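Undergrad: Sharing a structure below in structure tokens format, with a few things to ask.
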Amino acid sequence: MLPALALALVATGSCRRASAGGADSTQAAAASDSLSVALEDEVGGPPSAGGPPAPLSPDSLDACTALPPSEPTKRMESPLVTITLPADFEPLGAPTPSGNGTASYQWRGEDGSRVQILASGASSAHEGWTGPRASECDFQAAGAQVHVDVLFWGLTGTDRTVRAWFDLGGDRPRLQYVAHARTLDRQDELLRAVRTVWISTMWGVRQ
């Protein structure tokens, strides 16, 4: 059974369909930026800030989807973060700890889809990246205020992305979830996984 915080969902979320315009781009934390770029390079990254935005896909998902994960699933546990992912996902090496009481995690599915969780140095959900957002949503889960964006890159739609930004309040480091999916069905699975995230009270506590 998942921890209580991971199962705690609010009854309503604030969902918005976004236009094809990109978010304002500012400088993000170096660690978050480098890891995100590495993932995007492998599966086909976002258009440059100066290039034309990709057209919105007619089959884009609703970021406020609150359905439980589709079986079969696998629970990925660690002292700081726990998440439920599709059963074919495996960790990409051991978690990478940082000096501020956080760590970064990566998992990969058999189809090449990836999920990454790491600390975010951004002060807002859209800081440090650009790209067309199909929909976005705000809700509370895992003891945090969560903002989720559903995106896709390029004309072929080969990289369908889910980004979630967890604001834990106070001085605690924010947590970022980035998923790159190969298909619409896989993007749906990784969107649902956002609401299974559990964050330890030790996240951001220096040891």
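Undergrad: Would you please report the Å³ per residue occupied by the convex hull of the alpha carbon atoms in the stretch 105-207?
TA: Once divided by residue count, the hull of the stretch 105-207 is 102 Å³.
Undergrad: Please compute the net charge surrounding G109, taking Lys and Arg as +1 and Asp and Glu as -1 over other residues with Cβ under 12 Å from its Cβ.
TA: -1
Undergrad: With all pairs of different alpha carbon atoms counted, what Kirkwood hydrodynamic radius in Å does the stretch 65-125 show?
TA: Here the Kirkwood hydrodynamic radius works out to 13.0 Å.
Undergrad: Stretched out fully, how many nm does the piece from Q140 to S124 gain, at 0.36 nm a residue minus the Cα gap?
TA: 4.2 nm
Undergrad: Assign unit charges at the C-beta atoms only (+1 for Lys and Arg, -1 for Asp and Glu), then state the dipole size of the stretch 61-175 relative to its Cα centre in Debye, rounded to the nearest 20.
TA: 180
Undergrad: For the stretch 162-205, what mean projected area does the convex hull of the alpha carbons give, in nm²?
TA: 3.2
Undergrad: Right, another one. List every residue whose amide H lies under 5 Å from the amide H of G121, counting only residues 5 or more places away in sequence or on a different chain, with H placed 1.01 Å from N in the peptide plane.
TA: A29, S32
Undergrad: So, in nm, how far is label D62 from label S98 when the simple model puts each one 7 Å beyond its Cα toward the Cβ?
TA: 3.4
Undergrad: Take each of the peptides 133-146, 73-86, average the number of other beta-carbon atoms within 10 Å over its residues, and list them starting from the highest.
TA: So the order, starting with the most tightly packed, is 133-146, 73-86.
Bear in mind these aren't lab numbers, they're just calculated from the coordinates by the rules spelled out. Quick caveat: nothing in here was measured; it's all calculated off a predicted structure. A quick note on method: Cβ atoms are made from the backbone with ideal geometry, for glycine too, and the neighbour counts reach across all protein chains shown.
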